[in-house]
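Before any comments, here is the structure.
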Amino acid sequence: MYTLYGSPTSRAARVMWMLEEIGALYEVIDAKPHCDAVLALNPSGKIPVLVDTEEGEDQAIFDSTAILLYLAEKHGQLTIPPGAPGRARMLSLVSFAVDDIEQPLWTMVKHGFTLPEEVRAPDAVRPACHYEFARAMQALEAYLGDGPYLMGDAFTVPDIIVGHLGGWAKATRFPVPEGRITDYMTRVRSRPAWRVVAKARAAA
């Protein structure tokens, strides 16, 4: 059993998606960043935080990417095993998703409403963010290759991250190139596991 602290409208959605994909039992505690419950588990106050109660001793894991990789390796799903061909590529794609695709989107979000008003500068950062995102989309198209997913026929952790970021891009009006990338986004976001999460997001 897992307990997830966060909101379906935050990066916790990625963890929910993963938990649905692997068929794990979990509950979601709707918690805001820096609330007492979150601070007790993660001193940075950031969400999501996942508490694993399956091993007899509660273990808190924080950072959505770390949580996804932890769950993938623990359950042996949506991952390439250590030492196996393709493992390095999968980890590289995880880093690419977070460093190249998420970074400009998150910067724009922070300057839109997360940072204190006195330090926001959305007009100043917007051109650079759009430039970086466009370059990331060019790379993503190349990484996709001929397979349905980033690792070919296998749906893995980087697909969850990139698929989730497709929603961020739409919400923040970052253009996603038509064709292979939009087809890919539709494909991953049509999976039954994501539909469960999307329903929870709509109700949040």
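The values are calculated or read from the model by the stated rules, or taken from the named source; none is laboratory data. No experiment lies behind these values; they were computed from the predicted model shown. Please note: Cβ atoms are built from the backbone with ideal geometry, for glycine as well, and neighbour counts cover all protein chains shown.
Working only within region 139-153, note down all residues that are closer than 20 Å to Glu178 by Cβ and exposed (fewer than 11 other Cβ atoms within 10 Å of the Cβ). Once the filter is applied, which keeps residues that are closer than 20 Å to Glu178 by Cβ and exposed (fewer than 11 other Cβ atoms within 10 Å of the Cβ), region 139-153 yields Ala142, Asp146. Can you tell me which residues in region 49-63 are small (Gly, Ala, Ser) and either surrounded by 11 or more Cβ atoms within 10 Å (Cβ to Cβ) or not assigned by TED's automatic domain parsing to the domain that holds Met16 (or both)? Correct list: Ala60 only. Here's a check for you: in region 159-192, which residue that is touching a Gly at 6+ places or on another chain (Cβ under 9 Å) and in contact (Cβ under 8 Å) with a residue 24 or more places away in the chain is nearest to Met108 (Cα to Cα)? If we take residues in region 159-192 being touching a Gly at 6+ places or on another chain (Cβ under 9 Å) and in contact (Cβ under 8 Å) with a residue 24 or more places away in the chain, then Thr172 is nearest to Met108 (Cα to Cα).
Taken over region 39-62, the criterion of being touching a Pro at 6+ places or on another chain (Cβ under 8 Å), in a loop (DSSP other than H, G, I, E, B) and not β-branched (Val, Ile, Thr) is satisfied by Gly45, Lys46. Selection of first residues in region 33-47 that are assigned by TED's automatic domain parsing to the domain that holds Ala60 and of second residues that are among the charged types (D, E, K, R), restricted to Cβ pairs under 6 Å at least 6 apart or on distinct chains, gives the following pairs, ordered by first then second residue: Pro33/Lys46.
Do we have Ala72 as assigned by TED's automatic domain parsing to the domain that holds Gly23, modelled with pLDDT of 95 or more, surrounded by 11 or more Cβ atoms within 10 Å (Cβ to Cβ) and assigned to a helix (DSSP H, G or I) here? Yes, satisfied.
Every condition in (1) of a type in the set (A, V, I, L, M, F, W, C); (2) touching a His at 6+ places or on another chain (Cβ under 9 Å); (3) under 27 Å from Leu78 (Cβ atoms) holds for Val119 except the one numbered (3). Scan region 136-143 and tell me whether some residue there is at pLDDT 95 or above and over 20 Å from the mean Cα position of the chain (by Cα). Yes - at least one qualifying residue is present in region 136-143. For region 96-129, a residue qualifies if it is over 14 Å from Phe174 (Cα atoms) and surrounded by 13 or more Cβ atoms within 10 Å (Cβ to Cβ), and the qualifying residues are Phe96, Ala97, Val98, Lys110, His111, Leu115, Arg120. Here the helices (runs of 4 or more DSSP H) wholly within region 88-204 that include at least 2 residues being closer than 24 Å to Ala13 by Cβ, out of contact with any helix residue (DSSP H, G or I) (no Cβ under 7 Å at 6 or more places or on another chain) and outside the structural domain of Trp17 (by TED's automatic domain parsing) are 103-109, 157-171, 180-188, 192-203.
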